[in-house]
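Since the structure comes first, as structure tokens, the remarks are kept for the end.
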Amino acid sequence: SVAQFFSAMIIYKLKSEFGRPPLWEGDLEYDAQGNPVAFIARPDGPLKLWIHLRDGFPPPDSYGMGADIAAGHGATPSCLSVGNRQTGEKVAEYADANIDPIDFAPLAVALAKAFRDTDGEGAAFVWEMQGPGKKFGDKVVTQLGYRNIYMSVREDKITKKRTETYGWYPSPDNKLSVLTEYRNGLYKRECINRSEIALEETLDFSYQTNGSVEHGGAMNTN
């Protein structure tokens, strides 16, 4: 037997309280080096914003961005989510099920650069290293040279030597920790997610019989 990780009643209340259509929909034009060129408006575009553009770009602020990378075969989407690090409010999301991880990398870097702070530095960026996340990360760091990224720290239990690697690793403990933090943030209104699709997605997470938390889609795919 399994139990839902997020309360459906609270999620529907949050949808009613905060959910709203995006203020802008379209796509991001960028070059091969991952530099943003222009935000191109079009209905039902893969990029959705809950802030107004200023002079064609997001207003400078403190932003963080996370990514989940899919294989690009149409089954599940590669996703990006951008939040304001000061207010806890989600300001953008991107989803495309047919983009290759290697092609997804310059788009992600361009979006991170577009969401810059007042000093011109792009968004703090973290991505999941599972599956295609490895070659995505190599492209982001090694080839495109984006450096405002999350580093995982591992310590050898015997030697106590610490090593750093880029990206976030979805171990059962890490997943439980980050989902618990996200759930608490939503419930306490410290994290505001205006995307009704994203809020609905939380209801697919369930406790498993071994105590871990998994997404239903992940459990039902090979």
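The values are calculated or read from the model by the stated rules, or taken from the named source; none is laboratory data. Everything numeric in this text was worked out from a predicted model, so none of it was measured. Neighbour counts are summed over all protein chains in view; Cβ atoms, including those assigned to glycine, are modelled from backbone coordinates with ideal geometry. Keep in mind that these areas ignore ligands, DNA and RNA; they rest on the heavy atoms of the full protein, side chains included. Shrake-Rupley method; radii C 1.70, N 1.55, O 1.52, S 1.80 Å.
The fraction of accessible area contributed by carbon and sulfur in the chain is 50 percent, rounded to a whole number (1.4 Å probe; ligands and nucleic acids excluded). One quarter of the surface of the convex hull around the alpha-carbon atoms of segment 1-109 equals 8.9 nm², the direction-averaged projected area. Between GLU89 and ASP156, the FRET efficiency from the beta-carbon distance, with R0 = 41 Å, is close to 0.55.
Restricting the calculation to Cα atoms, segment 53-197 shows an Rg/Rh of 0.98 when the hydrodynamic-style radius is the Kirkwood one.
Solvent-accessible surface of the chain, averaged per residue with a 1.4 angstrom probe and all protein chains in place: 55 square angstrom.
Calculated mean residue ellipticity, 222 nm, the chain: -7500 deg cm²/dmol, from DSSP H runs (n ≥ 4) at -39500 (n - 2.57) each, averaged per residue and rounded to 500. If one computes P(r) from the Cα atoms of segment 66-137, what percent of pairs lie at distances over 19 Å? Value for segment 66-137 (Cα pairs over 19 Å): 31 percent.
For THR163 and ASN210, the difference between the fully extended length at 0.36 nm per residue and the C-alpha to C-alpha distance is 14.0 nm.
Peptides 133-144, 167-178, ordered by how many other C-beta atoms sit within 10 Å of their residues on average, highest first, read 133-144, 167-178. Potential lengthening of the chain between GLU196 and ASP61 amounts to 46.2 nm, from the contour at 0.36 nm per residue minus the alpha-carbon distance.
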